[in-house]
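Structure, as structure tokens:
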Amino acid sequence: MNTLPVYKNRLAYLDAVRSFALILGTVFHASLSFMPIFIGWAVMDISTSNAVSVFALVSHSFRMELFFLIAGFFSHMKYHQQGIQRFFASRLVKIALPLIVGWFVLRPLIVSGWTMGAESLRGDVNIVNGLLAGFASFCELPYGFLTGTHLWFLYYLLIISLTVVLLRYVIGIYAPLRHMLVRWCDNSASWLCRSPIGMLFLIIPTALCLWFMKGWGVDTPDKSLVPNMPTTLLYTGFFLFGWVLHRQESLMRNFASITWYKLLACVLSTIATILLIGFESQVEHTGYMLIKASFMLSYALMMWSLVALLIGVCERFFTRSSALLRYVADSSYWLYLIHLPIVVWLQVAFAELPMHWLIKLTSISVITLLISIILYDLLVRSTWLGVILNGQRKSRVLPTIASNIF
């Protein structure tokens, strides 16, 4: 019988990683109204910058991949702690339920933000009309269920996690096959995490997935309930890698070790990706296919190196848990679920103000996080919602802080 590693203080830094990935998503979405060209986002601000394009390109390359890797790591842990029946039940409660309930609550608010954003481009914003349009979108069901929302990540997480666990259960029925696959996965993962060139073997299948995306980069699969195959394969790969990393305690440490060659690979691949993205629209270029292939490889290397290095940084600085880290980790799931309508409404409100884009972006991000934290502490943390999202009710913190201050 396989004995799994016992993790003690090492989970604190993974809480930090997961929290960072989700909070980065808030800042990423907040930045999209400041892109120098219109990308079809809810609104385009009067103050834009090319720096935002670079930030969006880099941050979008690894944040969800990082999330799915950590999700795979903890899913392997939960599966062996709970068994397949309890695991399935917990996924339905913690993922499927927030997906369905969150959609009905957030959908009209998000659509109303898009409606008001379109109106703001014409110089006129009507909140009532926006809300009416938002609630009218319910009539489109089931068409456009994922379109315009950020909850697609729950849909894909549910599909991938349940599929992987079901396959693991089926394979486990035939012991010789299970032992052979386990031995192969452990040996391969050990070599990939320890070898200086191991990451090069990870970027090849990743680049192949990227090649079949509609654009240069990772597609956002929010157009249909039919899974986008390249995106599904990409996120499944990271989920499976996280799943295997949990099997041996040393694997995550080796994968996330901060080395000179990882830093060099990260810097060079990021520079190459930023330079090559400018050729995306130049389809008539004689070397277009070679440039595209180079971009996919550099993008994949940037993706994997950023994932590994960020985990390594968090391991170095967050090895011990704290009350603040635990609170942020508990609230991060809620923050990401609730953030998009707040972000879009604030983007519409800030769009025409004569302020520098960095001031606006910072303000939108901070206000969104503050509103989300207040709602979490007052309405979620100590209620049945807290049980769904965090697994248990926990005492509120903000009232205690307020009483100490005043």
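The values are calculated or read from the model by the stated rules, or taken from the named source; none is laboratory data. As the structure is a prediction and not an experimental result, all values here were calculated from the model. For neighbour counting, all protein chains shown are included, and Cβ atoms are generated from backbone atoms with ideal geometry for every residue, glycine included. These accessible areas exclude ligands, DNA and RNA; they are computed on the full protein's heavy atoms, side chains included. Shrake-Rupley method; radii C 1.70, N 1.55, O 1.52, S 1.80 Å.
Let me spell it out: the conditions are (1) more than 28 Å from I95 (Cα to Cα); (2) among the hydrophobic types (A, V, I, L, M, F, W, C); (3) open to solvent by 80 Å² or more (accessible area, probe 1.4 Å), and M199 meets all of them except one. Which number is the exception?
(3)
If I ask for residues that are within 19 Å of L14 (Cα to Cα) and buried (at least 19 other Cβ atoms within 10 Å of the Cβ), which ones from region 78-93 would you list?
Y79
Considering only helices (runs of 4 or more DSSP H) fully contained in region 213-299, which possess at least 2 residues that are under 26 Å from H150 (Cβ atoms)?
229-245, 260-276
Would you mind telling me which numbered condition in (1) open to solvent by 70 Å² or more (accessible area, probe 1.4 Å); (2) over 19 Å from R253 (Cα atoms) I274 fails?
I274 satisfies all of (1) open to solvent by 70 Å² or more (accessible area, probe 1.4 Å); (2) over 19 Å from R253 (Cα atoms) except (1).
Can you confirm whether L131 is over 23 Å from E65 (Cβ atoms), crowded, with 16+ Cβ neighbours inside 10 Å and modelled with pLDDT under 85?
Yes; evaluated as a whole, the condition is true for this residue.
Could you give every pair whose Cβ atoms fall below 8 Å, whose first residue belongs to region 273-285 and is farther than 13 Å from G215 by Cβ, and whose second residue is small (G, A, S), counting only separations of at least 6 or pairs across chains?
Final answer for the pair search is T273/S61; T273/S298; L276/S294; L276/S298.
Can you run down the residue pairs with Cβ atoms below 9 Å, 6 or more apart or on separate chains, where the first is in region 172-184 and more than 17 Å from Q248 (Cβ to Cβ) and the partner is assigned to a helix (DSSP H, G or I)?
As it stands, the answer is G172/R178; L177/I171, since those pairs meet every condition given.
In this structure, does F138 turn out to be in a helix (DSSP H, G or I) and under 30 Å from G113 (Cα atoms)? Even if it seems obvious, please write down each step before you answer.
Numbers: in a helix (DSSP H, G or I): yes; under 30 Å from G113 (Cα atoms): yes.
When the stated conditions are applied, F138 passes them.
What helices (runs of 4 or more DSSP H) lie completely within region 307-406 and have 2 or more residues being on the phi > 0 side of the Ramachandran plot and among the small types (G, A, S)?
The helices (runs of 4 or more DSSP H) meeting that bar number zero.
Quick check: anything in region 199-213 under 19 Å from the mean Cα position of the chain (by Cα), closer than 30 Å to I258 by Cβ and of a type in the set (S, T, N, Q)?
Checking region 199-213: at least one residue is under 19 Å from the mean Cα position of the chain (by Cα), closer than 30 Å to I258 by Cβ and of a type in the set (S, T, N, Q).
I want to confirm something. Restricting to region 286-316 and keeping residues that are free of Cβ contacts under 8 Å to residues at least 12 places away in the same chain, out of contact with any helix residue (DSSP H, G or I) (no Cβ under 8 Å at 6 or more places or on another chain) and open to solvent by 30 Å² or more (accessible area, probe 1.4 Å), which single residue is farthest from P205 (Cα to Cα)?
This residue is T286.
With (1) surrounded by fewer than 23 Cβ atoms within 10 Å (Cβ to Cβ); (2) at pLDDT below 90 as the list, and S59 as the residue in question, which single condition is left unmet?
(2)
Which count do you get for residues in region 19-55 that are under 18 Å from D222 (Cβ atoms), open to solvent by 10 Å² or more (accessible area, probe 1.4 Å) and small (G, A, S)?
The qualifying residues number 1.
In region 147-185, how many are open to solvent by 30 Å² or more (accessible area, probe 1.4 Å), over 26 Å from R63 (Cβ atoms) and of a type outside the set (K, R)?
Matching residues across region 147-185 total 15.
Quick one: which residue in L324, L375, L353, L369 is over 21 Å from the mean Cα position of the chain (by Cα), modelled with pLDDT of 90 or more and open to solvent by 30 Å² or more (accessible area, probe 1.4 Å)?
Going through L324, L375, L353, L369 in turn, the sole match is L375.
Taking interchain pairs and intrachain pairs at least six residues apart, which have beta carbon atoms under 7 angstrom, with the first residue in region 368-379 and among the charged types (D, E, K, R) and the second surrounded by fewer than 14 Cβ atoms within 10 Å (Cβ to Cβ) and part of a helix (DSSP H, G or I)?
D377/L398
Residue by residue, here is whether (1) more than 30 Å from L385 (Cα to Cα); (2) at pLDDT 90 or above holds:
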{"residue": "M44", "(1), (2)": "yes, no"}
{"residue": "R63", "(1), (2)": "no, yes"}
{"residue": "H80", "(1), (2)": "no, no"}
{"residue": "S90", "(1), (2)": "no, no"}
{"residue": "P98", "(1), (2)": "no, no"}
{"residue": "V101", "(1), (2)": "no, no"}
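Okay, residues lined up against (1) open to solvent by 20 Å² or more (accessible area, probe 1.4 Å); (2) in contact with a His (Cβ under 9 Å, 6 or more places away or on another chain); (3) not hydrophobic (A, V, I, L, M, F, W, C):
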position: K223; (1), (2), (3): yes, no, yes
position: Q248; (1), (2), (3): yes, no, yes
position: A256; (1), (2), (3): no, no, no
position: V267; (1), (2), (3): yes, no, no
position: E284; (1), (2), (3): yes, no, yes
